[in-house]
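**Q** First the structure, then my questions, so here it is.
The values are calculated or read from the model by the stated rules, or taken from the named source; none is laboratory data. These numbers were taken from a predicted model, which means no experiment stands behind them. A quick note on method: Cβ atoms are made from the backbone with ideal geometry, for glycine too, and the neighbour counts reach across all protein chains shown. Keep in mind that these areas ignore ligands, DNA and RNA; they rest on the heavy atoms of the full protein, side chains included. Shrake-Rupley method; radii C 1.70, N 1.55, O 1.52, S 1.80 Å.
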Amino acid sequence: MSIIQTRISALCLAVLGATFLGSLAIPGSPGAAGSFSKDALWDDGRAELNLYEAEAPLYGEKRRFEARMIVVKEDFNRELRVKSDVGPVPGKTFEVLKLNHLRTIPAGSYEEHEMVSVYLDRGSFRPEKLTMTHFESCGITFVEVLPEGDRLTHTSHSYWDHEGDRTLQIPFGAGDFLYDALPLQIRGMDLAAMQPQSLKILPSQMSGKVMNLVPVPMTLRVAGKAKIQVPAGDFEVFQVELSRPAGKDRYYFEVMFPYRLVKMETAEGGISRPRISLRLDYWNLTANGDEQRLK
């Protein structure tokens with residue numbers, strides 16, 4: 001952690017960017033993402049891997065589990081909207097930052113596994129794709145969300161009755177957001193200067209059922225700075241509040257670059273606190289024993 005937190009040159013760049021672009025630093029604007037998404041940190045051939053001690057209510061009981069959030073740069077095939085196997089290809093690929101959010105939630109004899117992947121254009125920091133998969137002992141649900149101009153193409157496959165297989169078109173403006181992208185997308189905002197924002201946000205797609213198909217009004221505001229303690233250590237953070245129909249979520253992002261999410265509380269009663277934060281080429285660490293790197 002201390003290595004990342006002492007990236008003085010990156011912090012200075014962020015401060016200078018805020019000075020000249022303060023009036024442009026609205027959620028999702030290129031000026032707001034700027035120094036964060038384009039920093040050389042993301043070009044080091046590794047991923048940021050955060051492991052969280054988490055808890056959330058499920059079937060009327062509080063469940064404790066480990067959650068993971070992974071951020072990594074990838075070359076994205078413009079036509080196919082998938083990772084490019086051959087790396088960058090002029091005219092055919094562009095760079096994205098990808099957020100993978102993984103959860104395995106125990107429930108007695110019944111265990112739920114779910115993951116959402118969100119791809120943000122590295123330049124504009126706008127979403128290019130979202131996928132979600134959920135499976136447990138009864139079946140599998142899959143969702144794909146593709147921004148297409150002023151709308152989202154939402155394709156889903158579910159084992160639930162009345163859901164099945166379907167494709168919908170959902171209105172989605174240039175200033176709208178995806179809830180599942182916020183843990184990464186907020187990191188590209190100028191939180192020191194940001195004023196309260198009224199936004200339309202497509203609610204979370206992470207679920208065993210296909211729901212939340214209409215963007216709803218939410219309010220995003222910075223509630224100030226604080227000092228907090230989590231299993232990974234002590235941090236000075238910006239507290240960001242998201243008011244939505246279900247209540248209020250609170251995100252805590254470290255003040256220093258790379259502005260990691262060091263605590264998250266949801267209106268439903270969920271909470272996540274990081275246990276460890278690493279930079280790893282985890283896809284190359286697949287041998288028996290490599291799991292010890294996550295201890």
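**Q** Quick one: Asp85 ticks every box in (1) within 24 Å of Ser272 (Cα to Cα); (2) free of Cβ contacts under 8 Å to residues at least 60 places away in the same chain bar one, so which box is it?
**A** Evaluating Asp85 over (1) within 24 Å of Ser272 (Cα to Cα); (2) free of Cβ contacts under 8 Å to residues at least 60 places away in the same chain leaves (1) as the failure.
**Q** Only one of these conditions is not met by Val240: (1) open to solvent by 20 Å² or more (accessible area, probe 1.4 Å); (2) in contact (Cβ under 8 Å) with a residue 24 or more places away in the chain; (3) at negative phi. Which number is it?
**A** Only one criterion in (1) open to solvent by 20 Å² or more (accessible area, probe 1.4 Å); (2) in contact (Cβ under 8 Å) with a residue 24 or more places away in the chain; (3) at negative phi is unmet by Val240, namely (1).
**Q** Report, by residue number, each residue of the stretch 101-120 that is open to solvent by 20 Å² or more (accessible area, probe 1.4 Å) and either within 15 Å of Leu184 (Cβ to Cβ) or outside any strand (DSSP E or B) (or both).
**A** Residues satisfying the conditions are His101, Leu102, Gly108, Ser109, Met115, Tyr119.
**Q** Another question, if that's okay. Only residues that are open to solvent by 20 Å² or more (accessible area, probe 1.4 Å) and among the β-branched types (Val, Ile, Thr): list them for the stretch 213-234, please.
**A** Val214, Val216, Thr219, Val222, Ile228
**Q** If you don't mind, another one. Take the residues in the stretch 261-295 that are of a type in the set (S, T, N, Q) and over 16 Å from the mean Cα position of the chain (by Cα), then tell me which one is farthest from Gly60 (Cα to Cα). I'd like the intermediate steps shown before the answer.
**A** Quick first cut of the stretch 261-295, residues of a type in the set (S, T, N, Q) only: 266, 272, 277, 284, 286, 288, 292.
Filter once more, so that each one left must be over 16 Å from the mean Cα position of the chain (by Cα): 284, 286, 288, 292.
On the way: Asn284: 39, Thr286: 36, Asn288: 37, Gln292: 34 Å.
The selected residue is Asn284.
**Q** Next question. Going by what's in this entry, would Leu178 be described as in contact with a helix residue (DSSP H, G or I) (Cβ under 9 Å, 6 or more places away or on another chain), open to solvent by less than 10 Å² (accessible area, probe 1.4 Å) and within 21 Å of Phe94 (Cα to Cα)?
**A** Working: in contact with a helix residue (DSSP H, G or I) (Cβ under 9 Å, 6 or more places away or on another chain): yes; open to solvent by less than 10 Å² (accessible area, probe 1.4 Å): yes; within 21 Å of Phe94 (Cα to Cα): yes.
Taking the combined requirement at face value, the residue satisfies it.
**Q** Going through Gly139, Gly123 one at a time, which residue ends up being under 18 Å from the mean Cα position of the chain (by Cα) and either open to solvent by less than 30 Å² (accessible area, probe 1.4 Å) or in contact (Cβ under 8 Å) with a residue 40 or more places away in the chain (or both)?
**A** Working: Gly139 fails: under 18 Å from the mean Cα position of the chain (by Cα).
Being under 18 Å from the mean Cα position of the chain (by Cα) and either open to solvent by less than 30 Å² (accessible area, probe 1.4 Å) or in contact (Cβ under 8 Å) with a residue 40 or more places away in the chain (or both) holds for just one of Gly139, Gly123, which is Gly123.
**Q** So, one more: State whether one or more residues within the stretch 2-14 are open to solvent by less than 70 Å² (accessible area, probe 1.4 Å) and at pLDDT 95 or above.
**A** No: zero hits.
**Q** Right, another one. Just checking: which of the strands (runs of 3 or more DSSP E) contained wholly in the stretch 213-295 hold 2 or more residues that are under 22 Å from Leu99 (Cα atoms) and not aliphatic (A, V, I, L, M)? Even if it seems obvious, please write down each step before you answer.
**A** Details: elements: 216-230, 233-244, 247-254, 261-265, 271-280.
Strands (runs of 3 or more DSSP E) meeting the threshold: 233-244, 247-254, 261-265, 271-280.
**Q** Note down all Cβ pairs under 6 Å where the first residue falls in the stretch 152-174 and is part of a loop (DSSP other than H, G, I, E, B), the second is surrounded by 11 or more Cβ atoms within 10 Å (Cβ to Cβ), and they're at least six residues apart or on different chains.
**A** Ser158/Thr141; Ser158/Val210; Tyr159/Gly139; Trp160/Lys209; Glu163/Val210; Phe172/Arg151; Phe172/Leu152
**Q** Within the stretch 36-82, count every residue that is in a strand (DSSP E or B) and open to solvent by 50 Å² or more (accessible area, probe 1.4 Å). Outline the logic, then answer.
**A** Of the stretch 36-82, the ones in a strand (DSSP E or B) are 47-58, 61-77.
Still in the list and also open to solvent by 50 Å² or more (accessible area, probe 1.4 Å): 53, 57, 61-62, 64, 66, 68, 73.
Going through the stretch 36-82 one residue at a time, the tally reaches 8.
**Q** A further question on this structure: Hey, among Tyr259, Tyr252, Tyr282, which residue is at positive phi and surrounded by 15 or more Cβ atoms within 10 Å (Cβ to Cβ)?
**A** Tyr259
**Q** Now for a different question. Looking only at the stretch 181-212, how many residues end up being open to solvent by 40 Å² or more (accessible area, probe 1.4 Å) and aliphatic (A, V, I, L, M)?
**A** Residues flagged as open to solvent by 40 Å² or more (accessible area, probe 1.4 Å) and aliphatic (A, V, I, L, M) within the stretch 181-212 amount to 3.
**Q** Could you tell me which of the residues Leu184, Leu130, Leu199, Leu191 is part of a helix (DSSP H, G or I) and of a type outside the set (Phe, Trp, Tyr)? Talk me through it step by step, then tell me what you get.
**A** Values: Leu130 fails: part of a helix (DSSP H, G or I); Leu199 fails: part of a helix (DSSP H, G or I); Leu191 fails: part of a helix (DSSP H, G or I).
That would be Leu184, the only listed residue that is part of a helix (DSSP H, G or I) and of a type outside the set (Phe, Trp, Tyr).
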